[in-house]
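Each value in this text was obtained by applying a stated rule to the coordinates, not by laboratory testing. Note that the structure is a prediction, hence the values are computed from the model and not measured. Glycine gets a Cβ as well: all are built from the backbone with ideal geometry, and neighbour counts include every protein chain shown.
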Ligand code: GLN
């Protein structure tokens with residue numbers, strides 16, 4: 001058990017969406033290359049308890065941890081960059097903090113005191129952070145505060161983090177402020193004033209950043225760094241530039257060149273081994289290969305916002321790198337019907353998870369297209385359910401459907417799980433998190449995984465209706481994965497199709513840049529075969 005944890009707090013300034021999560025995750029990756037154990041915390045100052053009930057349009061993908069928490073997508077970046085499994089507690093929200101404090105107040109834990117933001121809310125925040133440090137038993141704890149400095153919702157968190165530094169000591173907590181340095185084309189120069197202002201705002205909360213990471217479109221020069229160091233009162237070697245990169249996986253290498261690791265190791269007195277970033281460098285090299293391109297069409301309804309399918313996109317990139325090819329992804333809006341000419345140029349199709357009737361039409365069209373043209377199709381969660389529905393319809397079960405969309409369907413091939421029938425609340429009540437799945441021999445699934453039992457993460461209420469299982473099997477649908485008690489169907493496929501596989505779980509949450517997920521690899525292999533077939 002570690003007794004002294006080191007905390008790196010990452011705040012953001014100037015504008016949002018500058019890749020604060022990627023920056024923080026990259027610092028973590030660099031520290032891992034010194035042989036240090038690292039965990040990460042994402043603080044989301046919104047009032048929602050978790051991300052589960054938020055629309056992907058609001059917040060991008062909902063990431064699911066192994067213990068079944070529906071979290072911010074930054075946890076996905078952390079898992080991929082740090083190569084760790086995080087627990088759901090790693091996503092702290094205002095909702096969770098206040099909920100915990102109010103529950104304690106109701107129990108009478110505050111012994112008659114007036115419950116206030118300082119000290120009760122701030123104490124709760126610190127105790128949650130320290131609990132995660134203990135549970136993960138990692139030497140370094142990255143704490144990313146969502147939003148930008150100056151947001152009203154972020155203030156109790158900044159105050160708690162300021163207190164954390166006083167309590168844990170200057171040598172054990174450091175602050176990294178990520179800002180944006182815009183380039184004004186008309187003036188022909190970079191502008192440091194927004195960085196100066198947001199640092200001033202941070203300092204007004206009692207926090208002096210130890211390092212400033214300047215995001216910018218193009219690289220900034222040393223004179224500009226000196227200016228920022230001078231005006232923002234940080235060491236010159238602690239002003240770091242991170243210009244836009246073509247791939248997020250290059251960010252750890254860029255920050256490493258800027259000597260972020262050396263500065264951090266020294267500043268919070270970490271006991272580091274000699275650095276070895278070679279595994280990551282190999283990943284970046286593999287991701288850059290582009291001599292052979294294979295295409296995938298993602299057929300979904302949130303395609304305008306790429307962040308909605310971020311883990312799927314990254315899983316495809318990992319699998320492509322593993323196979324030495326580049327993946328070209330096209331996003332296809334499933335609300336419109338899917339004419340053949342929209343997809344005929346693609347090597348493969350993928351239907352991601354989703355909720356609600358809207359966009360079902362295009363997804364079912366994609367299934368039919370795959371069946372008629374022998375094009376590889378990967379269905380994930382709702383995608384698998386679409387495969388079952390359309391397969392049933394094409395085999396004579398007219399108007400077969402999921403009761404999610406048509407409660408009166410004559411063939412409810414997808415139906416609500418028994419334990420879901422009594423549930424009224426929407427938040428955190430799906431079948432969530434990791435569950436075991438047994439695989440059948442001599443199937444696409446088993447030969448992809450090269451294993452007979454696996455564990456995958458889930459997020460759904462509906463399932464393949466067992467009453468139709470035998471009939472669907474007699475029509476040729478192969479159930480290649482099921483729960484160990486054989487009660488829940490987890491994977492379906494077609495033996496006589498090049499690659500038609502749907503899984504009820506979300507394999508995309510387990511793919512890592514250095515460990516591509518077997519199902520994504522097998523799927524892309526089939527896409528390559530399809531591309532190369534005459
Ligand atoms: N809406 C479907 C269900 O609840 C699928 C969910 C999903 O794709 N994540 O079962």
Report summary line: Scanning the stretch 326-347 residue by residue, those within 23 Å of the chain's Cα centre (by Cα) and away from the ligand (no atom under 16 Å from the Cβ) turn out to be 326, 327, 328, 329, 330, 331, 332, 333
Query raised in the report: In the set 354, 359, which member is farther than 25 Å from residue 482 by Cα, within 13 Å of the ligand (Cβ to nearest atom) and in contact with a strand residue (DSSP E or B) (Cβ under 8 Å, 6 or more places away or on another chain)?
Result: 359
Requested in this report: Please indicate, with yes or no, whether at least one residue in the stretch 372-384 is closer than 17 Å to residue 339 by Cβ, surrounded by fewer than 22 Cβ atoms within 10 Å (Cβ to Cβ) and away from the ligand (no atom under 12 Å from the Cβ).
Outcome: yes
Requested in this report: Have a look at 239, 296, 303, 283 and point out the one that is over 30 Å from residue 347 (Cα atoms), touching a helix residue (DSSP H, G or I) at 6+ places or on another chain (Cβ under 9 Å) and in contact (Cβ under 8 Å) with a residue 12 or more places away in the chain.
Outcome: 239
Requested in this report: Pull up the stretch 430-466, narrow it to residues that are out of contact with any strand residue (DSSP E or B) (no Cβ under 8 Å at 6 or more places or on another chain) and assigned to a helix (DSSP H, G or I), then point me to the one that is nearest to the ligand (Cβ to nearest atom).
Outcome: 448
**Report entry** Test set (1) surrounded by fewer than 19 Cβ atoms within 10 Å (Cβ to Cβ); (2) without any contact (Cβ under 8 Å) to a residue 60 or more places away in the chain - residue 52 fails condition number
**Finding:** (2)
Requested in this report: State which residue is nearest to the ligand (Cβ to nearest atom) when the search covers only the stretch 467-511 and only residues that are without any contact (Cβ under 8 Å) to a residue 40 or more places away in the chain and assigned to a strand (DSSP E or B).
Outcome: 489
Query - Selected residue (only one of 366, 320 is buried (at least 24 other Cβ atoms within 10 Å of the Cβ), touching a residue at least 60 places away in the same chain (Cβ under 8 Å), away from the ligand (no atom under 16 Å from the Cβ) and in a helix (DSSP H, G or I)) - result: 320
Report summary line: For residue 395, the lone unmet condition from (1) away from the ligand (no atom under 11 Å from the Cβ); (2) buried (at least 22 other Cβ atoms within 10 Å of the Cβ) is (2)
